[in-house]
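In what follows, a structure is listed as structure tokens, so that the remarks can point back to it.
The values are calculated or read from the model by the stated rules, or taken from the named source; none is laboratory data. Since we're looking at a predicted model, the values are computed, not measured. Because the Cβ atoms are built from the backbone with ideal geometry, glycine has one as well, and the counts that use them run over all protein chains shown.
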Amino acid sequence: MNTNDGTSQTPEPRTRNLGRVLNRRRILGLASLAAGNFAISVWMGQEAYKWLPPQASSEAVLVDKLFSFMTAVGTFIFIGVVGTLLYSMIFQRAAKYDNSDGPPIEGNVKLEVIWTAVPIMLIIWIGTVSYKTYDQMSILGSIAPKVMATVDTVPGEPREPVPGDISPSDNPAPIEVHSRQWSWEFRYIDQNVSSTELHLPVNQRARFKLTSDDVLHGFYVPAFRVKQDIIPGKEIDFAFTPIREGRYRLRDSEYSGTYFAANQTNVVVESQEEYQRWLSEIAQNPPQAAQNLAYEEYSQAEQGTISLGWATVKPAPAPVVNHTSSEEDSYE
Amino acid sequence: MSTTSVDPNLNTKAASLEGHGEDHEEDHRLFGFIVFLLSESVIFFSFFTGYIVFKTSAGDWLPAGFEGLEVREPLINTAVLVSSSFVIYFAERFLHKDNLWGFRIFWLLTMAMGSFFLYGQAVEWMGLPFGFTSGVFGGMFYLLTGFHGLHVFTGVLLQGIMLGRSFIPNNYEEGEFGVEATSWFWHFVDVIWILLFILIYVWQ
Amino acid sequence: MSNATLEVKPSEQQTPTPEPGAPDNWRRFFSFSTDHKVIGIQYIVTAFIFFLFGGLLAMLMRGELITPEADLVDRTVYNGLFTMHGTIMLFMWTFPMLNGLANYLVPLMIGARDMAFPRLNAAAFWLVPVFGVILTASFFVPGGPSQSGWWAYPPVSLQNPTGNLINGQALWLLAVALSGVSSIMGAVNIVTTIIRMRAPGMGWFKMPAFCWTVFSAQMIQLIGLPALTAGAVMLLLDLTVGTSFFDPAKGGDPVLYQHFFWFYSHPAVYVIILPIFGVFSEVFPVYSRKPLFGYRVVTISSVLITILSLIVWVHHMFASGTPGWMRMLFMFTTMAISIPTGIKVFAWVATVWGGKLRLTSAMLFALGGLTTFLFAGITGIMLSSAPFDIHVNNTYFVVGHFHYVINGAVVMGFYAAIYHWFPKMTGRMYYEGLGKLHFALTFIGINLIFLPMHPLGLMGMPRRVASYDPEFAFWNVIASLGGFLLGVSTLPFILNMLSSWTQGDKAGDNPWRAIGLEWLVSSPPPHENFEEIPIVVSPPYGYGSDEPLVSNNPGGILEEEPEKTPIANLAGKANS
Ligand code: HEA
Ligand code: HEA
Ligand code: CUA
Ligand SMILES: [Cu+2]
């Protein structure tokens, strides 16, 4: 068969000797390229912090470090591979009438072993770092089963205390989170008050009991880097530690139907004193129905003043609470 | 295959006839059918997994007031269905030896046993105090037995077709794919039932 | 066969039936043809029409997202749009498109005259328009189409606000179930064909890498799809007759559905990417004039990916109701996928390296697809790290990740395949200039729309939202503009295909001087593919070496009887 017509190349050995290819000048050249790539990757790793919201919880500090590390590793791989491809595309093009073939190299065992081994080591590394990070966050409460408790420390390394880890003595009841189509309601059991805005004292481990009245929802505060699906019929224990005062956005993160996008509210992290003051202040307020976009629009649609398009389930009535946040409240 | 022919139509025919001869020398149908059955078994395994997960995690598993499934009649049913797997094997043996009547008799016996199983299943269903929508257990029970029963029913139907076809003269000149496939299907249905029986009747 | 061919030109002699696509017989593409080549093209064209439809929905979505408020369409409509966009793109575009490629290429590449079950093949194809119509019809039932996302997670998918038995969600489930039936039929056929119908001499390690990837992908279909079917059946029963498998209000378990769904739908992404890996493995050697580097390892890594893909599904549920040990376990299995994938990526780079590159449209799309795949793979590894995923799960970071692979690698890989095999399929050449324009617009468009999704996700913008907070507006405007550019980028492609197919230059049998059985027959191949079934004597990709691929003349194209080289004789003997 004339499958490769006109290719009478000087026969080259099938697999070239790695040693011969890698003479000293090449090694030096490669090393400096790798060093350049390394420098860029480290820089990207630092840049990565800027792409994220403020670090408002101790978990955020851990997650960002992990992300920065993975960004650096990823950049290194990406530049390495794409750089090589670009070099080929620019410098190794066939001349217009050159119909000859390239060298018939079919493989190189040494190279193949290297590029199997390096990713193995990389993922062991990334995996270990991720494991430790997750372990330190320990955001899931009791649905993390006992199994996890037994392997809770990485062998040989004691678990570092998380800022705000509470001593067993001061153990306030967890805040009850009620999610609905489409509203959030937070109940402070010890004080018997409720709010559509979440208030938390800074530097203290916050504990929650997550519940849903209808469908799946997700508890998500980007500034805290924590998220947990809420499952109807289950109570999920959840915990994290806010470390920075301010106002942040809390979003529904598990698609929950028509008004999913609007199912947001704010979190206020404040000093211990302000937090206590807020709790006692709102205890004076008579409970009243909160502002609720879904419920209002649905009622309007029922009266025929607006149309909602295709069919939608009826929203739950606006929660009746001691403190309501308004949609216009600013946040970071 | 000559290509100098003037008549294009003739040419086409010649080409495709020759192609067929070469291509289908070996018959791939049984192989393909077994691949399909293996894939199909994953549906059952998925339902089984669901059953196990529900049983080990659900709060009120059995419908209120229901004590547990009666095992005696289903056990008889099981015995019949499992034995039919041997009967169908003998039917096939007769066919291989070109004993058509032997084949038909044992084949018919298999059908009868399959129908008996379906009948027994129906009787059991009628006697149960819970329905398809009585909680997760009710749903799972009817889903599993129903989906399996549908397979048994399909099997009996296929057997009926094969029985009819055995009366067509020279039907087995080109192989016995239909009979072999039906028989494989029957064994498959059988194995699934054994697992199912262990899962919902034995493990209570 | 040995008759001297008189004045008849070889290419005409090869086509007893008129060429597919020739004006006089375009009708065969609308018939119940059992020719794998006709079916292949039927699949591809049908799928592409649905791609345009799904893309049109995406354009509406991008129009909505160019401003923070829910203004262009109502919220319910937006929710229906992304649900149908995802569903159409996966079930109506990628699976049929890949089945089309496999249908067209596999029999030719392994030296078979057709698929093992030609009628089953046609039946599987004709189900595609059937469920396509069902899915499209769901736009017009009262209450609109499904609005529960392409995952159809209960309880949202069970809510059925209209209360009708025939509702968008039920039609959705029906369509997906039929799509499953069609896929299983296709998978049984393709797996049987590859195992049983390879030409004499074509051992597993003489089979082109594309066939290996198709084989691996179809194995996933056979193992995984029934699990989705099981879940879908239970969901449909919950929705229609009132069982309570997944309804927590009645004691059901919605998280179990998620396991069923992802047990299949995660491997499904490898069903999608594996054949594209195969395309890369075919395209790079041809336009670099070098053998595929590490061919055996590349093929085996396809099988490794298949196996690993079945044990990683929980990475879609890191923030769901999963215990910590599960999250950690599946984090590690997921990361392990990068090993066989990395082997492939490095092998392609080594194939290109030191070659004699020719940057045709096919090569450009393959290189572009490889680049976007690498980017998506890296963000994929980040997602697989559970503590990080907890932050970006269900945000635009995920949307960015998967469009980079599914729109970057898969759609661009599809274009690479079409440009590469277009001359074979139609017997005509496409216009290179338009192809390059198409590449430039696509590549820029993809990066412009999907790169901004990563910062958006990192900032915490959830996916599936019709409205969003103003701080996300900047990147969304850029993404929308990029999206419109991406929409426009399909126009030069459509123009190129239509005009080249009808008016392009004659291509010849092997315009790329490629090595492979499909290039030994005329363009387009005759009805029965090969005059003589080829006898394969060498592994594929013998660029730069003088070994012949086959020891006979399967296409019957050569004027003279090919001489049997000693090697050919030897191998022929070993095989008999
Ligand atoms: C064809 C499609 C495709 C492909 C191939 C992939 C490939 C991968 N995907 Fe992706 N993914 C999707 C389509 C795809 N994905 C879709 C559609 C979704 C979302 C569905 C939805 O929610 O609607 C999704 C979502 C998704 C999630 C869930 C995120 C979430 O919802 O929170 C995760 C998490 O782990 C993930 C991970 C990965 C990984 C690790 C790979 C790996 O296979 C990538 C491996 C490749 C590489 C790593 C690059 C090459 C390797 C090297 C160069 C070696 C060296 C590298 C290292 C050691 C890092 N994907
Ligand atoms: C193969 C899969 C695939 C492909 C190719 C695409 C392609 C595109 N996707 Fe895709 N997308 C998904 C699969 C895919 N998507 C999935 C699975 C989801 C998740 C759904 C879910 O959450 O449930 C998703 C979600 C998704 C979102 C997030 C929605 C949300 O979460 O709220 C967005 C947002 O921008 C988006 C945009 C796009 C765009 C702009 C394209 C572009 O490539 C489109 C390019 C445009 C065209 C090709 C159209 C060209 C048409 C014309 C120019 C008009 C011609 C008109 C006629 C012929 C009538 N997609
Ligand atoms: Cu044509 Cu078989
Ligand atoms: Cu996945």
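Is at least one residue of the range C:466-473 under 30 Å from C:Gly111 (Cβ atoms), out of contact with any helix residue (DSSP H, G or I) (no Cβ under 7 Å at 6 or more places or on another chain), within 14 Å of chain A (Cβ to nearest Cβ) and of a type outside the set (A, V, I, L, M)?
Among the residues of the range C:466-473, not one is under 30 Å from C:Gly111 (Cβ atoms), out of contact with any helix residue (DSSP H, G or I) (no Cβ under 7 Å at 6 or more places or on another chain), within 14 Å of chain A (Cβ to nearest Cβ) and of a type outside the set (A, V, I, L, M), which makes the answer no.
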* Which of the residues that make up the range B:74-93 are surrounded by 14 or more Cβ atoms within 10 Å (Cβ to Cβ), more than 12 Å from B:Phe106 (Cα to Cα) and in contact with a Gly (Cβ under 9 Å, 6 or more places away or on another chain)? -> B:Pro74, B:Asn77, B:Val80, B:Leu81
* To do: Would you check if there is a residue in the range C:316-330 being within 8 Å of another protein chain (Cβ to nearest Cβ) and among the charged types (D, E, K, R)?
  => yes
* Please verify whether the range C:284-298 includes one or more residues that are within 11 Å of ligand 1 (Cβ to nearest atom) and under 25 Å from the mean Cα position of the chain (by Cα). => no
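The rows are residues; the columns are (1) out of contact with any Leu (no Cβ under 7 Å at 6 or more places or on another chain); (2) at pLDDT 95 or above; (3) outside any loop (DSSP other than H, G, I, E, B).
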site: C:Thr94; (1), (2), (3): yes, yes, yes
site: C:Asn99; (1), (2), (3): yes, yes, yes
site: C:Gln169; (1), (2), (3): no, no, yes
site: C:Leu174; (1), (2), (3): yes, no, yes
site: C:Gly201; (1), (2), (3): yes, no, no
site: C:Cys211; (1), (2), (3): yes, yes, yes
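How about the range B:34-58: which of its residues are over 14 Å from C:Ala230 (Cα atoms), assigned to a helix (DSSP H, G or I) and among the small types (Gly, Ala, Ser)?
The one that is over 14 Å from C:Ala230 (Cα atoms), assigned to a helix (DSSP H, G or I) and among the small types (Gly, Ala, Ser): B:Ser57.
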* Here are some conditions: (1) surrounded by 14 or more Cβ atoms within 10 Å (Cβ to Cβ); (2) at pLDDT below 90; (3) basic (Lys, Arg). B:Lys97 meets all but one. Which one does it not meet? -> (1)
* To do: Might you check whether a residue that is among the aliphatic types (A, V, I, L, M) and in a helix (DSSP H, G or I) occurs anywhere in the range A:239-260?
  => no
* The lone exception for C:Leu235 - which of (1) within 16 Å of ligand 2 (Cβ to nearest atom); (2) of a type in the set (A, V, I, L, M, F, W, C); (3) farther than 29 Å from A:Lys234 by Cα it fails -> (3)
* Structure fact -> Checking C:Ile390, C:Ile343, C:Ile381, C:Ile339 in turn, the sole residue that is facing chain A (nearest Cβ under 9 Å) and within 14 Å of ligand 4 (Cβ to nearest atom) turns out to be C:Ile381
* Taking C:Ser361 as meeting all but one of (1) under 30 Å from C:Arg513 (Cβ atoms); (2) more than 16 Å from ligand 2 (Cβ to nearest atom); (3) within 11 Å of chain A (Cβ to nearest Cβ), write down the number of the exception. => (3)
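Keeping to the range A:278-310, report how many residues are part of a loop (DSSP other than H, G, I, E, B) and surrounded by fewer than 20 Cβ atoms within 10 Å (Cβ to Cβ). Talk me through it step by step, then tell me what you get.
So the first thing to find is which residues in the range A:278-310 are part of a loop (DSSP other than H, G, I, E, B), and the list is A:285-287, A:290-292, A:303-310.
Retained after the next criterion (residues that are surrounded by fewer than 20 Cβ atoms within 10 Å (Cβ to Cβ)): A:285-287, A:291, A:303-309.
Total satisfying the criteria: 11.
Residue-wise test of (1) free of Cβ contacts under 8 Å to residues at least 40 places away in the same chain; (2) at positive phi; (3) among the small types (Gly, Ala, Ser).
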residue	(1), (2), (3)
C:Val271	no, no, no
C:Val283	no, no, no
C:Tyr287	no, no, no
C:Val298	no, no, no
C:Ser302	no, no, yes
C:Ile307	yes, no, no
C:Leu310	no, no, no
C:Met317	no, no, no
* To do: Considering every residue within the range A:109-117, establish whether at least one is more than 7 Å from chain C (Cβ to nearest Cβ), farther than 25 Å from A:Ala48 by Cα and small (Gly, Ala, Ser).
  => yes
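Restricting to the range A:111-148, name every residue that is among the β-branched types (Val, Ile, Thr) and at pLDDT below 90.
Correct list: A:Ile139, A:Ile143, A:Val147.
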* State all residues of the range C:473-508 that are within 16 Å of ligand 2 (Cβ to nearest atom), in contact (Cβ under 8 Å) with a residue 24 or more places away in the chain, of a type in the set (Phe, Trp, Tyr) and surrounded by fewer than 20 Cβ atoms within 10 Å (Cβ to Cβ); if no residue qualifies, say none. => C:Phe484
* Structure fact -> Exactly one of C:Thr243, C:Thr229, C:Thr193 is more than 30 Å from A:Ser212 (Cβ to Cβ), within 9 Å of another protein chain (Cβ to nearest Cβ), over 16 Å from the mean Cα position of the chain (by Cα) and away from ligand 1 (no atom under 16 Å from the Cβ), and that one is C:Thr193
* Restricting to the range C:135-157, what's the tally of residues that are surrounded by 23 or more Cβ atoms within 10 Å (Cβ to Cβ) and outside any loop (DSSP other than H, G, I, E, B)? -> 4
* Asked: Looking only at helices (runs of 4 or more DSSP H) that fall completely inside the range C:305-415, which ones have 3 or more residues that are away from ligand 1 (no atom under 12 Å from the Cβ) and among the hydrophobic types (A, V, I, L, M, F, W, C)?
  -> C:324-336, C:361-384
* Asked: Out of (1) more than 26 Å from C:Ser281 (Cα to Cα); (2) at pLDDT below 90; (3) more than 13 Å from chain A (Cβ to nearest Cβ), the odd one out for C:Ala507 is which?
  -> (1)
* **From A:Thr265, A:Thr258, residue being within 13 Å of chain C (Cβ to nearest Cβ), closer than 15 Å to A:Ser325 by Cβ and of a type in the set (S, T, N, Q)** => A:Thr265
* Asked: Got a sec? Which of C:Gly342, C:Gly324 is under 30 Å from A:Val221 (Cα atoms), in contact with a Pro (Cβ under 9 Å, 6 or more places away or on another chain) and without any contact (Cβ under 8 Å) to a residue 60 or more places away in the chain?
  -> C:Gly324
